[in-house]
Amino acid sequence: MRLLVVGGGGREHALCWTLRRENPDADLFCAPGNPGTAQLATNLSIAVDDLDRLADAADMHGIDLTVVGPEVPLARGLADRLRAEGRAVFGPSAAAARLEASKSFSKEVMAAAGIPTAASRTFEDLAAALAYVDRHDEPLVVKASGLAAGKGAVVCATRAEAAAAVRAMLGERAFGDAGATVVIERFLVGEEISVLAVTDGQDLELLPVSQDHKRLLEGDAGPNTGGMGAYSPVAVATPAVLDRARREVLEPTLEEMRRRRTPFAGVLYAGLMVDVAGTPWVVEFNCRLGDPETQVVLPLVAGGVTDALWSVAHGDGVRPMARREAEASVTTVLASRGYPDHPERGAEIRIPAALPPGVTVFHAGTARGADGVLRASGGRVLNVTAVAPGFAEAQRLSRETAEAIEFEGKVFRRDIGWREARRLGN
Ligand code: AMP
């Protein structure tokens with residue numbers, strides 16, 4: 001079997017780690033990959049948005065299954081392109097990826113399907129958007145409709161802040177074309193969970209539920225980031241809540257996408273705000289596995305990931321994946337000083353030679369120079385995932401290993417999973 005993973009972050013390292021564990025003899029490629037994937041796969045130096053070269057590589061290496069990690073190539077039609085060339089690919093079409101690539105489109109789908117989500121309006125005109133802000137109660141959330149690397153949502157405590165966010169997006173194009181359309185919505189109250197479903201467009205299988213930590217600093221302070229850590233499972237995601245998420249969110253979304261003749265096959269990721277009544281309100285949809293959620297979710301799957309992806313990619317339905325029951329997983333992101341705005345690059349990284357059992361270090365923004373030295377090369381540098389029989393132990397192992405890894409300017413949160421810790425009385 002010849003497999004290709006597209007992407008080069010922690011999510012893709014976790015994907016390669018899983019595919020390699022399940023298929024010790026497969027020929028595994030990763031484009032562009034990183035020094036972590038290089039230990040498991042052959043890295044191909046191709047950017048994730050270079051569709052021509054990715055299609056050529058799939059052809060040249062006779063790839064049987066391509067798994068696409070990031071949203072950008074999906075939104076640009078990589079899955080359509082590979083399928084048109086007769087290759088199996090796990091990931092939605094560009095038309096279906098609009099569930100993530102256009103927040104105004106996803107709001108339209110949700111409205112049509114009667115899915116619980118914050119009331120919202122979409123604007124392209126600055127004056128109209130400002131007038132709307134003026135008429136509505138604070139807090140408000142202002143979002144760039146297009147892809148903004150997870151940083152396009154601004155939670156605004158006051159109308160003045162909301163007006164400033166609207167001006168930045170529509171007036172000054174702070175997010176470029178991604179902010180040429182903005183969605184303004186009501187602020188939702190509750191606890192956020194990430195529900196990832198592997199789907200062929202009709203049926204779905206849930207992956208373990210996780211919770212991300214978007215803010216840079218401990219106590220959920222500081223700016224929004226791509227994610228500073230995650231854990232799984234999450235106690236608020238009770239069977240009753242997940243049943244509602246399935247029936248009230250995931251299934252109606254898939255049905256509406258089929259009705260529009262753009263069925264969604266791949267991972268449908270629902271960011272849900274669960275309120276005190278257990279209602280799952282959609283904060284956002286993503287069209288792919290989450291990062292860093294993948295780094296906690298995949299290590300909790302005992303087997304069957306390759307089969308599930310293979311089956312969906314070949315149009316053979318969705319297969320269940322075996323779950324590691326009674327285990328918990330925590331990942332801590334190590335970022336560079338200056339992240340998310342101006343991350344420093346180049347610091348030399350030292351990872352202890354012996355890691356505790358259950359701990360895996362996934363690479364994200366790392367690079368190995370000609371001198372063989374591992375260095376920080378991006379905002380989020382490493383993810384330290386620990387799997388243990390209980391949450392508290394997984395949290396401790398992840399944090400202690402994060403502390404033991406050294407590089408100049410290392411930034412990380414020691415409180416990943418603090419809500420779960422509080423619930424469990426730790
Ligand atoms: P998004 O890019 O839509 O996922 O938003 C990024 C983050 O902003 C989310 O993970 C939430 O924590 C927060 N957020 C977005 N929309 C809302 C909302 N309507 N109410 C409360 N928080 C929100």
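Of the residues screened, E138 is one that is in contact (Cβ under 8 Å) with a residue 12 or more places away in the chain, within 16 Å of the ligand (Cβ to nearest atom) and acidic (D, E). In the set (1) within 11 Å of the ligand (Cβ to nearest atom); (2) buried (at least 17 other Cβ atoms within 10 Å of the Cβ); (3) in contact (Cβ under 8 Å) with a residue 24 or more places away in the chain, A149 fails one condition alone, (2).
P116 falls short on exactly one of the conditions (1) in contact with a helix residue (DSSP H, G or I) (Cβ under 8 Å, 6 or more places away or on another chain); (2) at pLDDT below 95; (3) surrounded by fewer than 22 Cβ atoms within 10 Å (Cβ to Cβ), and that condition is (2). Going through (1) small (G, A, S); (2) closer than 30 Å to F412 by Cα; (3) surrounded by 17 or more Cβ atoms within 10 Å (Cβ to Cβ); (4) out of contact with any Gly (no Cβ under 6 Å at 6 or more places or on another chain) one by one, A178 falls short only on (4).
Looking at the range 1-94, the strands (runs of 3 or more DSSP E) lying wholly inside it that each contain 1 or more residues that are closer than 24 Å to D307 by Cβ and basic (K, R) sit at 2-7. The residue that is surrounded by the fewest Cβ atoms within 10 Å (Cβ to Cβ), counting only those in the range 311-345 that are among the small types (G, A, S) and farther than 26 Å from N224 by Cβ, is A326.
Restricting attention to the range 271-281, report how many residues are surrounded by fewer than 24 Cβ atoms within 10 Å (Cβ to Cβ) and within 13 Å of the ligand (Cβ to nearest atom). Total satisfying the criteria: 5.
Checking each residue in the range 48-100 for being small (G, A, S) and touching a Gly at 6+ places or on another chain (Cβ under 7 Å) picks out G69, A79, G91, A94.
The values are calculated or read from the model by the stated rules, or taken from the named source; none is laboratory data. Owing to the predicted nature of the structure, the values given are computational and were not obtained by experimental measurement. Here Cβ is always computed from backbone atoms with ideal geometry, including for glycine, and neighbour counts include all displayed protein chains.
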